[in-house]
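Quick notes on the structure that follows.
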Amino acid sequence: MRTAVLLLTYYGCVLYGLFNPAFGILFFIHITIFRPDALVWGNLAFGRLHLIASIAALVGYLIQRASLRPTIDDAYQKGNIRIMALFVVWLMFVSLLAEYSVERSLEKTIEIIKIVIICFLFSKVINERKWIEAYAWVASMSFGLLSFWGALQGMVGNYRLDTLWPGGSNYIAAQLALIAPLALAKAVDSGLRLKWRLMFGCCTASIVLCCIYTESRGAFVGMAIGLVALISQTRQRLKIFAAMVLVMTVLVPWIPDRYYERVTTIGAEKEQRDSSAQSRFVLWEIAFRIWHDYPIAGVGLENFSPVKEQYAGQVSDIVDSELYALIFNRQRHPHGMYQGMLAEVGAIGVALYLWVLVRNILCPWPRAFAGSERERGLYLQAKGAQAGLIGFAAAAVFGDFQYLEMVYLQMMFVGAMRGYADAVAGVATSPGRDGRVAAVASEAIRVRLAGA
């Protein structure tokens with residue numbers, strides 16, 4: 001009975017995506033986060049749900065694109081898409097030159113192409129204020145639900161939550177670092193009713209607690225950096241800081257003792273590091289040596305592990321017998337996004353990826369938008385999204401996260417927000433008779449921007 005209800009609900013949402021592609025893309029984001037095939041249901045009927053949902057949203061857009069007139073300026077968003085397209089072209093070139101397996105590299109390139117198509121669709125349908133705000137709700141609430149479920153599993157013994165989400169604990173934790181500042185920004189938005197702010201506060205608490213149960217040290221550092229970035233960049237810093245202190249006070253009794261022991265190893269000396277931490281430094285060194293030998297195009301996506309075997313006899317200066325057994329003659333990833341990308345796609349590939357990432361982290365906001373009392377909540381969300389990207393960028397030093405959809409979608413969210421901000425700024429600075437702002441026209445455009 002439960003499976004039947006879920007099937008009707010989820011596939012009903014897929015069908016509605018044909019008629020409302022904006023809803024369809026947000027539904028895709030929801031099931032990307034709160035995956036029905038990866039949680040307790042585990043039914044094969046959900047196995048293709050992501051593909052079907054994305055196709056339905058794309059078909060819905062193609063059918064209705066003539067009537068989908070954007071209400072925001074999409075110039076900034078087009079820049080994001082162009083850089084992503086250049087990144088894909090470079091990955092195709094790299095794949096054709098792959099050192100070990102062209103097929104492996106092309107398969108991973110296709111994954112990125114699928115993500116960029118979703119981002120393109122996002123840019124075309126998330127172009128009204130109501131859908132921009134809906135993204136923040138969907139992302140925060142979905143991760144809140146996933147985190148609550150993960151925290152419960154952690155309490156009953158699911159060690160590091162490795163079976164909660166495809167890819168394991170590090171992949172979950174990196175995305176929690178990405179979303180935590182956005183959820184916190186919603187929790188302290190004075191424009192929301194108290195019940196919704198409390199709900200977003202609960203989502204933030206669940207996200208932090210779930211990240212703790214993953215025991216991912218890199219994500220913990222990234223989340224801390226992202227939250228500090230949000231607090232330091234907003235006028236509500238005292239309110240946000242007080243909210244974070246309250247959240248952490250509530251969570252302290254639920255934090256397992258082993259987590260404190262693991263976190264204390266972050267700044268440990270070489271002799272005190274565990275084998276997992278020490279092996280990452282060795283893998284990074286191997287990645288840099290591969291990049292030194294293949295500086296332009298790297299060795300191809302997913303080619304790091306087989307190519308590293310060629311360096312087995314050249315790393316005696318950094319590898320002892322225990323680490324050698326952990327690294328060689330087995331499948332290993334670089335455990336560092338930037339280091340691994342340098343080895344696999346070269347300096348140009350890393351530069352293109354960082355271009356779009358940094359572009360959205362440092363995206364400036366028009367003064368008329370940033371200083372508007374009316375838009376204070378949206379501006380806070382924008383800063384939360386950027387702070388999340390900062391946290392993710394820090395966490396990515398310790399994990400291979402370049403294939404996660406959510407970081408690309410978060411960048412598209414920032415781009416959509418920038419388009420809305422430009423539209424608001426354009427309205428606010430439009431001179432009327434006698435040099436005054438044309439209030440009537442301004443209000444009419446504001447209503448249209450709000451999707452009324």
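Taking region 70-85, which residues are under 11 Å from Val356 (Cβ atoms) and touching a Gly at 6+ places or on another chain (Cβ under 8 Å)?
Gly79, Asn80
Does Ile83 meet the test of being modelled with pLDDT of 95 or more and part of a helix (DSSP H, G or I)?
yes
Could you check how many residues of region 69-114 are closer than 15 Å to Met411 by Cα and without any contact (Cβ under 8 Å) to a residue 24 or more places away in the chain?
Residues of region 69-114 closer than 15 Å to Met411 by Cα: 74-85, 87, 112.
Filter again for without any contact (Cβ under 8 Å) to a residue 24 or more places away in the chain, leaving 82.
Summing the residues that are closer than 15 Å to Met411 by Cα and without any contact (Cβ under 8 Å) to a residue 24 or more places away in the chain in region 69-114 gives 1.
State whether one or more residues within region 351-361 are among the aromatic types (Phe, Trp, Tyr), under 29 Å from Ile390 (Cβ atoms) and within 20 Å of the chain's Cα centre (by Cα).
Scanning region 351-361, I find at least one residue that is among the aromatic types (Phe, Trp, Tyr), under 29 Å from Ile390 (Cβ atoms) and within 20 Å of the chain's Cα centre (by Cα), so the answer is yes.
Based on this model, can you work out whether Glu309 counts as of a type in the set (Asp, Glu) and crowded, with 17+ Cβ neighbours inside 10 Å?
no
What single numbered condition from (1) at pLDDT below 90; (2) acidic (Asp, Glu); (3) assigned to a helix (DSSP H, G or I) fails to hold for Glu103?
(1)
To keep it simple, each residue is scored yes or no on (1) hydrophobic (A, V, I, L, M, F, W, C); (2) touching a Phe, Trp or Tyr at 6+ places or on another chain (Cβ under 9 Å).
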site	(1), (2)
Phe288	yes, no
Val315	yes, yes
Gly336	no, yes
Val345	yes, yes
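Take Tyr403 and tell me if it is under 27 Å from Ile212 (Cα atoms) and in contact with an Asp or Glu (Cβ under 6 Å, 6 or more places away or on another chain).
yes
If we scan region 175-193, do we find a residue that is surrounded by fewer than 24 Cβ atoms within 10 Å (Cβ to Cβ) and touching a Phe, Trp or Tyr at 6+ places or on another chain (Cβ under 7 Å)?
No - not one qualifying residue is present in region 175-193.
Do we find a residue being aromatic (Phe, Trp, Tyr) and under 24 Å from Asp74 (Cβ atoms) anywhere in region 395-407? Write out each step before concluding.
Pass one, region 395-407, residues aromatic (Phe, Trp, Tyr): 398, 401, 403.
Filter again for under 24 Å from Asp74 (Cβ atoms), leaving none.
The answer is no, given that none of the residues of region 395-407 is aromatic (Phe, Trp, Tyr) and under 24 Å from Asp74 (Cβ atoms).
Could you grab the pairs with beta carbons closer than 9 Å, sequence gap of 6+ or different chains, first residue in region 154-177 and charged (D, E, K, R), second one surrounded by fewer than 20 Cβ atoms within 10 Å (Cβ to Cβ)?
Listed by first residue and then by second, the contacts come to Arg160/Gly168; Asp162/Gly168.
The rows are residues; the columns are (1) within 20 Å of Ala347 (Cα to Cα); (2) among the basic types (Lys, Arg); (3) modelled with pLDDT of 65 or more; (4) loosely packed, with under 13 Cβ neighbours inside 10 Å.
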| residue | (1), (2), (3), (4) |
| --- | --- |
| Val252 | no, no, yes, yes |
| Asp257 | no, no, yes, yes |
| Val263 | no, no, no, no |
| Gly267 | no, no, no, yes |
| Ser276 | no, no, yes, yes |
| Ser279 | no, no, yes, no |
| Tyr294 | yes, no, yes, no |
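Restricting attention to region 51-74, does a residue exist that is over 30 Å from Trp365 (Cβ atoms) and either at pLDDT 95 or above or touching a Lys or Arg at 6+ places or on another chain (Cβ under 8 Å) (or both)?
yes
Does Gly201 satisfy the condition of being touching a residue at least 24 places away in the same chain (Cβ under 8 Å) and under 18 Å from Phe241 (Cβ atoms)?
Numbers: touching a residue at least 24 places away in the same chain (Cβ under 8 Å): yes; under 18 Å from Phe241 (Cβ atoms): yes.
Yes.
The values are calculated or read from the model by the stated rules, or taken from the named source; none is laboratory data. It should be emphasised that the depicted structure is a prediction, and the values quoted were computed from it without experimental measurement. Heads up, the Cβs are rebuilt from the backbone with ideal geometry, glycines too, and the neighbour counts pull from every protein chain shown.
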